[in-house]
Amino acid sequence: QMWEEAIALGKELAEQYENEMFDYEQLSELLRKQAQFYENIVKVIRPKPDYFAVGYYGQGFPTFIRNKVFIYRGKEYERREDFEARLLTQFPNAEKMKTTSPPGDDIKTSSGQYIQCFTVKPKLDLPSKFHRPVSEQIVSFYRVNEVQRFEYSRPVRRGEKNPDNEFANMWIERTIYVTAYKLPGILRWFEVKSVFMVEISPLENAIETMQLTNDKINNMVQQHLNDPNLPINPLSMLLNGIVDPAVMGGFANYEKAFFTEKYMHEHPEDHDKIEKLKDLIAWQIPFLAEGIRIHGEKVTEALRPFHERMEACFRQLKDKVEKQYGVRAILPGLEERRGSRPRSMVRSFTMPSSSRPLSVASVSSLSSDSTPSRPGSDGFVLEPLLPKKMHSRSQDKLDKDDLDKDKKEKKKEKRNSKHQEIFDKEFKSTDISLQQAEAVILSETISPLRPQRPKSQVLNVMSSERRFSVSPAPPSSQLSPPPITPRTKLAFSIQPNLELNGMSSSDIPDVPPPLPLKGSTADYGNLMESQDLISPTTSPPAHQRVSP
């Protein structure tokens, strides 16, 4: 069930399938597995194994474990007693130690075998990618996996014993164990490489306990919000143990120990910590309110009296806390705390297609019934997409732009049709068909599979194309033909003063040269053989035609 590790390995394998082996069938199957893993991470509750510190003391052990401490990862739902019994079967002559404090030299140098075993708590070490709050279902994996630091807390009483309040003088000795490698690894146990101890004051212990309690309530609420089918018994025990003062006493013991004038006078340096503890107490109320609300929705009729009593206790607790420490409020429904997808992201994924911004191509195609929007544009020529900033405009703005564009296009269509008539009159006497003109004046880029036209032929075509576009009209027509319609895509352009093959524009004869001989429609292989027919210097007279 370590799906996070499976996803990491799957990404490496997907890279091979996609970019090295090009095995898309295996890639699709792998991606489906990864999708299932991600779903399992969010929906499946995985058991959290315990970790145990085991010390082997005495000269009777083998050298590789003698007088060393190891951290073991227990099996699922394995208790410490079961783990110890399993451990002692490997060393039947070993004696189990009764204390958790480090042993003296007399035990370490003795000839016997002494085993010390106790439960340790792994310290969460989140990866750097979690730079914002995420769901508890995602974080819970890293609470018991990929951990290298473990701690064991032992309560120590200092000062005078207070029978009324045991929290006032209870210190915590916390021992931190750091293993050689992260657990779990290729083994379920690793040697401890470093050990150090810190002391926690009673007030710091109270702050830490309140923080853990709030987190526990919040995590339980999130689990029930994500999965309504969870059993209600753990939530009932947790809430009742906090709101009912007859069970655990709640935080009233902290008020007696730290919120007194005597403690404030003796420990003025703890003023900020006391304020933090008060703030945590105030924050516990909205978490409890959400938990009791969920409990009321899922409670059975048999447990209804229990729920009503819990609600009565909570109302008294809420009135007291809000009066003394203020009111706190969390976001409705704990949507942000659940780490769910942001609402804006959900909207973008579920937005209907009719409200999405359309490109010029899609708008024009809808408004013109799949006909070309401009003269000279073929059906397969796509209109350019809008820039990115255009997508943020409203649909009304797009419609207005389309109306303006349609007006401009109608004007162009009228003007270009007039130009086309003049063009046909001008070249009717040259006996050049429309198909041949389209073949000379390239409207589309030649496919790479075709052979390239020789440079001399290209220059000749350029002179011919220039002759077509800028030659003076006959006396009967006082209008000069304009350039070819803008939609025609030309692969070259002519400068007015450009000389072609040593001839200036004034030396070019009035009649254009004929086209080269072609064996077939797509045969360009005979261009080099007919160079003498296409040279501008050897063109035939004006009224002489060369039959193909």
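The values are calculated or read from the model by the stated rules, or taken from the named source; none is laboratory data. For clarity, every value in this text was computed on a predicted model and none was experimentally measured. In this analysis, Cβ positions are derived from the backbone assuming ideal geometry, glycine residues included, and neighbour counts consider all displayed protein chains. We work out accessible area using only protein heavy atoms, side chains counted, and drop any ligands, DNA or RNA first. Shrake-Rupley method; radii C 1.70, N 1.55, O 1.52, S 1.80 Å.
Classify the stretch 161-268 as rounded, prolate or oblate, taking a ≥ b ≥ c as the square roots of the eigenvalues of its Cα gyration tensor: rounded when a/c is under 1.5, otherwise prolate if a/b is larger than b/c and oblate if not.
oblate
For the stretch 46-200, what class follows from the C-alpha gyration tensor (a ≥ b ≥ c being the square roots of its eigenvalues): rounded when a/c is under 1.5, otherwise prolate if a/b is larger than b/c, else oblate?
oblate
Take the Cβ-Cβ distance between Met197 and Phe259 as r, set R0 to 25 Å, and report the resulting FRET efficiency rounded to the nearest 0.05. If you can, show how the numbers build up before the last one.
Working: r = 29 Å, r/R0 = 1.18.
E(calc), rounded to 0.05, equals 0.25.
Modelling each spin label as a point 7 Å along the Cα-to-Cβ direction, I'd like the Glu15/Lys123 distance in nm, to one decimal.
3.2 nm
If you count only protein heavy atoms with a 1.4 Å probe, what accessible area per residue comes out for the stretch 3-43, rounded to a whole Å²?
Here the residues of the stretch 3-43 average 73 Å² of exposed surface.
Which FRET efficiency, nearest 0.05, do Arg79 and Glu160 yield, Cβ-Cβ r, R0 25 Å?
Using R0 = 25 Å, I get an efficiency of 0.10.
Once you put a point 7 Å from the Cα of Glu29 and another 7 Å from the Cα of Ile7, both along the Cβ direction, what distance in nm separates them?
2.3 nm
Just the number please: accessible area per residue for the stretch 202-332, 1.4 Å probe, all protein chains included, in Å².
With the other protein chains kept in place, the stretch 202-332 gives 54 Å² per residue.
Determine the distance separating the Cα centre of the stretch 266-286 from the Cα centre of the stretch 1-77; give it in Å without decimals.
Spelled out, the Cα-based centre of one part sits 40 Å from the other.
Would you mind calculating the gained length between Asp406 and Asp279 on full extension (0.36 nm times residue separation, minus the Cα-Cα distance), in nm to one decimal?
39.2 nm
Residues with amide H under 5 Å of Glu78's amide H, sequence separation 5 or more or different chain, H placed in the peptide plane at 1.01 Å from N; which?
It is Asp50, by chain and number.
Which value results when the Cα radius of gyration for the stretch 94-141 is divided by 2.2 N^0.38 Å?
Ratio of Cα Rg to 2.2 N^0.38 Å: 2.03.
Classify the stretch 3-43 as rounded, prolate or oblate, taking a ≥ b ≥ c as the square roots of the eigenvalues of its Cα gyration tensor: rounded when a/c is under 1.5, otherwise prolate if a/b is larger than b/c and oblate if not.
oblate
Counting only protein heavy atoms and using a 1.4 Å probe, what share of the accessible area of the stretch 1-118 belongs to carbon plus sulfur, as a whole percent? Kindly include the intermediate steps, with their values, before the conclusion.
Working: 3750 of 7320 Å².
It is 51 percent, rounded to a whole number.
Could you give each residue of the stretch 45-50 its phi-based ³J(HN,Hα) in whole Hz, using Karplus coefficients 6.51, -1.76, 1.60 with θ = phi - 60°, and x for Gly or Pro?
8, 9, x, 9, x, 8
Starting from the Cα of Ser111, step 7 Å along the direction of its Cβ; do the same at Ala329; then give the gap between the two resulting points in nm.
7.6 nm
If you take the beta carbon distance between Gln59 and Arg309 as r and set R0 to 41 Å, what does 1/(1 + (r/R0)^6) give as a FRET efficiency, to the nearest 0.05?
It comes out at approximately 0.10.
Can you compute the label reach from Ser153? Point 7 Å from Cα along the Cβ direction, backbone N cut-off under 16 Å, restricted to the stretch 106-146.
119-124
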